[in-house]
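Here is the structure we will look at.
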Amino acid sequence: MKQVAVLGMPNTGKSTFFNRITGANAHIGNWPGITVDLMLAKVKLGKEEAEVIDLPGIYDLRGFSEDEAVVRRFLEKTPIHLVLIILNASQIDRQISLALQVKHLHIPAVLLLNMADEAPKFGVAIEVEKVSQHLGMPVLPISAKYGHGYEAAKDAIAHTLSLQAEPVMVSSLEDLLMSDSQLTAEMKSLLHDAVHTPEQIKVNWTTRLDRVLLHPVFGLPIFLATMFLVFQAVYAIGVPVQKWLQAVLDWFKADALTPLLSGLPEFFRGFLLDGIYDGFGTVASFVPIILLFFFFMAIVEDSGYMSRSAFLMDAFMEKLGLDGRSFVMSLMGFGCNVPAIMGTRVMRSPGLRLLSMLVIPFSLCSARLNVFIFMTTAMFTPRTAPVVLFSLYILSFAAAILTAALFKGKFPNKEPFVLELPPYRFPTLKHMVKYSWMQSRKFLLWSRRFIIFGVVMIWLLNNLPYGVPPASSQSFSGIIGQATQPILGPIGINPQLAVALIFGFVAKEIVLGGLAVIYGKAEGADLMSAVAHQIDWVQAYSFMIFTLLYVPCLSTVAVLKSESKSAKFAAMSVAWSVGLAWVASFIFYQSARALGF
Amino acid sequence: MAKIHLASLVPGQAATISELDTEPGLHQRLLALGFRAGRQVMMIRCGWMSGPVHVRIGTTEVMLRRREAQSIEIVNVMSQQAA
């Protein structure tokens, strides 16, 4: 099968194009360097099938970043039939350098000028024919976002591909690349001939918006207020839907499943209904909240506002030994820590990367958000619950700041920080819906494995040895819970909560599913009031502090180890977060009790 | 004439890049972002608390720290109307 590699600079819509041509769903981000894993897909191009590979977005074939090394290695090691170059048409004045570099590698190539709809707005006019003559390759304007010019591009790609029978491999790539002065000269001649750029660009709505959003005084408060609004919106819309879904699931259990399974022995019926159904159902009822969260995050991320937050926060992050990118990655971590940790690959300095990786796990991810929404709704009044939830976000930031401040001496960093600020773009509604749906599906598929394992284990521990009263002190979970009391007692975590916490080490979704199983036995009352009946708010808040700060999940630990290539580093991160969690909960719990709460 | 660098521009001023005086890694990145000798660069804004600067070169907008901006030497400073 023929091989086609997709190459392009960050922020050119390369992933959007890849998704469109493959029908797959590589994630797109308006953030340099987000595509780090190589994605590939089989695509029918003309009469033949080809394998299309999405290379990481890079600036320069001579560049020094890890992604740039990956692309060089790829081109030197993999025989390919065609390179598809994607550039941003409105920034052709600088991006054409990448196409010129590829020209000198003598690989068959097609250049796609993406965001062709945006270029005229900047006053950029391109004579496609002339660009094509200079480069010696077909050049086509497209809009990956709206699909304009897409069919013509596909035909041109198929045609060029059909002419190439044998694959090509670039040997000694470094020797083929031009010197900077030669490249500058070739760029000048091409641009002079084929491209008309205005002397000064018009004031557009990006510049107008930046005047407000990057305002020296109001910029940061506006950003924080925006994030606060996002979380409030998720809460305000998501919680009623979650409650409604939970009611539907409860109704289905009581009116359909219970009569249906009435023939089964008590032990198995309990296992299926109170174990698996309740555990998984409780987590599943939170999917609307996850969906909403990623929907809003897609707007923040793809609009270009996320890069602006790097600008706003950089001065502060620099004092912590980090930079604006670390802030953006931490923000991504509020969705899920795992991709955020992988995103640190754009950093070259090992010190900066490790310090960022140490900080990211304190980002309150969507799995933890479920636990907190559940707990706050159960324990606090509708008026105070959102405030309590917000206090956990503040705590999440505080833990990250404390960690960076304490460890920055250990991970010194002198990496220069230069970041592109792409123009503001509004993602299409279709994209936002698709993106949040994909993320939520990933969450559900991902958590299914862990939750079923977790709730089954917890249910069994609660109900074995056979015949003991469920979750009593004679059950296995009672015994384990009791054993933790010397350590967890002083922070207000009772034996039942302790069991949920222990399994939460695997994944935070289990904490919630586990609570459902542990407290689900209460007669005639729903789960939330059962929890509220057993513990008071001080215990609940201490439990939430601990859940927030201790190791996010096994996957995060695994990715910390693989990305740092150091088991020692991963172990240190775990030890630090568990230690911090205990100390923070201890201080809170003991002072609250001392104050008489 | 004393050398002047990009960080010394005030918002609204533009100048021509004369030389990049940086380590190789940053040098390549700056070139790819459009910072080449002879090109015009405009200062849009400076971040608070000696934070990063926001500049425009061609149609590309870039933020960089002042330390990095100090390594970009410029000539022909001219004032323009604010961006």
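Brief remarks follow.
- Rounded to 0.05, the FRET efficiency of the B:Ala37 and A:Arg348 pair, given R0 = 30 Å and the Cβ-Cβ distance, is 0.80.
- Taking the DSSP beta bridges with both ends in the range A:2-196, the antiparallel portion is around 35 percent.
- In this rough spin-label picture, where each label sits 7 Å from Cα along the Cβ direction, the A:Phe228-A:Ile480 distance is 4.1 nm.
- In order along the range A:108-119, the Karplus-derived 3J(HN,Hα) couplings, from 6.51 cos²θ - 1.76 cosθ + 1.60 at θ = phi - 60°, round to x, 9, 10, 9, 10, 8, 7, 6, 4, 6, 7, 4 Hz, and Gly and Pro are given as x.
- Cα-Cα P(r), the range A:260-333, percent of pairs per 10 Å interval: 17, 26, 17, 15, 13, 10, 2
- Three principal axis lengths of the range A:416-556 [C-alpha, angstrom, descending]: 63, 34, 27
- Rh (Kirkwood; distinct C-alpha pairs) - the range B:4-79, Å: 12.0 Å
- Within a straight-line Cα-Cα reach of under 30 Å, A:Lys408 can be paired with the following lysines, leaving aside sequence neighbours fewer than 8 residues apart in one chain: A:Lys319, A:Lys508, A:Lys561, A:Lys565, A:Lys568.
- Prolate is the label for the range A:538-597, because the ratio a/c of its alpha-carbon gyration tensor axes (a ≥ b ≥ c) is 1.5 or higher and a/b is greater than b/c.
- Taking label points 7 Å from Cα along the Cα-to-Cβ direction, B:Ser8 and A:Ser591 give a separation of 5.0 nm.
- Sequence-distant residues sharing a close amide H with A:Gln3 (under 5 Å, placed H): A:Glu51, A:His81, A:Leu82
- Selection from A:Leu249, A:Leu352, A:Leu191 lying farthest towards where the dipole of chain A points positive, charges on Cβ: A:Leu249
- Averaged over A:411-420, number of beta-carbon atoms from partner chains that fall within 10 Å: 5
- Size-normalised alpha-carbon gyration radius of the range A:1-144, reference 2.2 N^0.38 Å: 0.98
- Loop-located trypsin sites (Lys or Arg not before Pro) in the range A:300-395 whose Cβ has at most 12 other Cβ within 10 Å (DSSP): A:Arg383
- Here chain A is treated as an ellipsoid with the same Cα gyration tensor; its semi-axes, largest first and in whole Å, are 50, 26, 22.
- By other beta-carbon atoms within 10 Å, ranking A:His148, A:His196, A:His134 with the fewest at the front produces A:His196, A:His148, A:His134.
- Largest-first principal axis extents, alpha carbons of the range A:86-237, Å: 58, 38, 31
- For A:Ser472 and A:Leu38, the FRET efficiency from 1/(1 + (r/R0)^6), where r spans their Cβ atoms and R0 equals 60 Å, is about 0.70.
- Shape descriptor for the range A:221-316: Rg over Rh equals 1.26 (Cα atoms; Rh from the Kirkwood inverse mean 1/r).
- Loop-located chymotrypsin sites (Phe, Trp or Tyr not before Pro) across the range A:461-519 with a Cβ neighbour count of 12 or fewer within 10 Å are A:Tyr466, with loop assigned by DSSP.
- Quick note on the range A:289-421: its Rg to Rh ratio, both from C-alpha atoms and Rh being the Kirkwood radius, is 1.00.
- The stretch between A:Arg448 and A:Phe252, if pulled fully straight at 0.36 nm per residue, gains 68.6 nm over its current Cα-Cα span.
- Cut-off of 10 Å, at most 14 other beta carbons, DSSP loop: longest stretch of chain A lacking such GluC sites (Glu not before Pro): A:200-522
- Order of A:Trp576, A:Trp437 - criterion: other Cβ atoms within 10 Å of each residue's Cβ, fewest first: A:Trp437, A:Trp576
- Length-normalised contact order of chain A in % [C-alpha pairs under 8 Å, at least 6 apart]: 12 percent
- Partner lysines whose Cα lies under 28 Å from the Cα of A:Lys103, excluding those fewer than 8 positions away in the same chain, are identified as A:Lys2, A:Lys14, A:Lys42, A:Lys44, A:Lys47, A:Lys77, A:Lys130, A:Lys145, A:Lys154, A:Lys188.
- Restricting the range A:521-597 to trypsin sites (Lys or Arg not before Pro) in coil, as DSSP defines it, with at most 14 other Cβ within 10 Å: A:Lys565
- Share of pairwise Cα separations in the range A:397-456, more than 13 Å, in percent: 79 percent
- Of all DSSP bridge pairs formed entirely within the protein assembly as shown, close to 65 percent run antiparallel.
- With each label modelled as a point 7 angstrom along the Cα→C-beta vector, the A:Ala69-A:Ser181 pair spans 3.0 nm.
- Inter-part distance where the range A:477-512 and the range A:175-192 are each reduced to a Cα centre, Å: 64 Å
- Relative exposure of A:Thr184, A:Thr344, judged by other C-beta atoms within 10 Å (fewest first): A:Thr184, A:Thr344
Coordinate-derived values only; no laboratory data. Just so we're clear, the structure is a prediction, and the values are computed from it rather than from any experiment. All Cβ positions, glycine included, derive from the backbone under ideal geometry; neighbour counts span all protein chains shown.
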